1. For the stretch 283-295: of the residues being in contact (Cβ under 8 Å) with a residue 12 or more places away in the chain and buried (at least 18 other Cβ atoms within 10 Å of the Cβ), which is farthest from the chain's Cα centre (by Cα)?
2. State all residues of the stretch 113-126 that are out of contact with any helix residue (DSSP H, G or I) (no Cβ under 8 Å at 6 or more places or on another chain) and buried (at least 16 other Cβ atoms within 10 Å of the Cβ); if no residue qualifies, say none.
3. Give the number of residues within the stretch 45-67 that are in contact (Cβ under 8 Å) with a residue 24 or more places away in the chain and surrounded by 16 or more Cβ atoms within 10 Å (Cβ to Cβ).
4. Thr62 fails exactly one of the following numbered conditions: (1) at pLDDT below 90; (2) in a loop (DSSP other than H, G, I, E, B). What is the number of that condition?
5. Output the qualifying pairs, or none if there are none: Cβ atoms under 8 angstrom, residues six or more apart or on different chains, first residue in the stretch 77-94 and in the same structural domain as Ala156 (by TED's automatic domain parsing) and farther than 13 Å from Asp120 by Cα, second residue assigned to a strand (DSSP E or B) and among the small types (Gly, Ala, Ser).
6. Give Asn53, Asn2 a once-over and let me know the one that is modelled with pLDDT under 90, polar (S, T, N, Q) and in contact with a strand residue (DSSP E or B) (Cβ under 9 Å, 6 or more places away or on another chain).
7. Return the residues of the stretch 122-178 that are touching a strand residue (DSSP E or B) at 6+ places or on another chain (Cβ under 6 Å), β-branched (Val, Ile, Thr) and in a helix (DSSP H, G or I); say none if nothing qualifies.
Amino acid sequence: MNEIVKTEIVKIPTISRDKIREYLQITGLPKKLELSDKEMLTFLEICTMFNLNPFRRDVHLTAYGKGTYRQFSVITGYEVYIRRAQESGLLKHWSAYTENHPDTGDLIGVVEIQRSDWSDKFVWKVNINEVIGKKKDGTVNKFWQTMPELMVKKCAISQGFRLCFPEVLGGMPYTAEEVGEDPQMKNITPTFDDASLDGLNEEKKKTQQKTRKYKMKQKEDTSPSPEQDVIELPKDDTPSNFDAISALGQSKFGLTFGNVLGEKTFAEVGQKEVQKYYTHFVKPEIFNKVANTEERKRDLETFLEQAQKWLNALEIANS
């Protein structure tokens, strides 16, 4: 058990934009990784928004591939989650360990967290099959091969701390273990011979034409009135039809999502209502009471994760 000793916490200096630019210049990452202006700006904004210092290794970035195969990620470490939770004064103690699934024998990472303002401890479990890191050829990368227990515990800690301390860690970048970062990953842009390129270009033209028609139709259907405020949110964080809501609506327990949300999207229900249900069901005593079957637990976990992403994106868009 990692008991938190009450000591004076040193105030971390605020990271400046100039300091982040200095980091990029010293490391030469813009040239090494062929970073675009948008990617550099994204890294700079995330570092300043969450006060992440790349010189202290609070955060780093990865980028590889080109064009539609481009992959860009801003990544933090699970130690940052623990430190921020401790600095908030809300973390009383925590522990992490592994166990095996009673039926399948799968390796499970477990984190137990006790908040100072909650009576029950928060328990989060992660199955290794859900998070194991793989290379582009589908094989498991070397860290997961050699240190599976450590890696699955890191994933459990990262996910658990974000869910347990949404007011502190909401919107923070994911950890390398969660995004499946492979240190040996190289440029994944495929190469084509001349014959393949001819066919590829034709398919590209057809796709572009379809995309233009779709965007024009969307614009006609969703153009707001001049008085209407528009908030653009990341597509991944605004699910159009959340299956877990429908599944939860069929469950017969207390305050169900189905009775209130039905088949509506998060945006249709509204930030206030989604926040109310997220705050209610993230409490350990409520979560454990509701998630009394594997299906309900899976549905509720999915809702909490997606709701957190959507609420964080909305908060950032409004800031």
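The values are calculated or read from the model by the stated rules, or taken from the named source; none is laboratory data. Predicted, not measured: the structure shown is a model, and the values here were computed from it. Here the Cβ is made from the backbone with ideal geometry for all residues, glycine too, and neighbour counts use every protein chain on show.
1. Only one residue tops the list, namely Val290.
2. Across the stretch 113-126, the qualifying residue is only Gln114.
3. Restricting attention to the stretch 45-67, the residues satisfying the condition of being in contact (Cβ under 8 Å) with a residue 24 or more places away in the chain are 46-55, 59, 61-67.
With surrounded by 16 or more Cβ atoms within 10 Å (Cβ to Cβ) added as a condition, the list becomes 46-47, 50, 52-54, 59, 61-65.
Residues flagged as in contact (Cβ under 8 Å) with a residue 24 or more places away in the chain and surrounded by 16 or more Cβ atoms within 10 Å (Cβ to Cβ) within the stretch 45-67 amount to 12.
4. Among (1) at pLDDT below 90; (2) in a loop (DSSP other than H, G, I, E, B), the lone unmet condition for Thr62 is (2).
5. none
6. Among Asn53, Asn2, only Asn2 is modelled with pLDDT under 90, polar (S, T, N, Q) and in contact with a strand residue (DSSP E or B) (Cβ under 9 Å, 6 or more places away or on another chain).
7. Across the stretch 122-178, the qualifying residues are Ile128, Val152, Ile157.
Condition check ((1) at pLDDT 95 or above; (2) out of contact with any Pro (no Cβ under 9 Å at 6 or more places or on another chain)) across all residues:
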site	(1), (2)
Ile108	yes, yes
Val123	yes, no
Thr146	no, yes
Glu167	no, yes
Gly170	no, yes
Gly180	no, yes
Gln184	no, yes
Pro190	no, yes
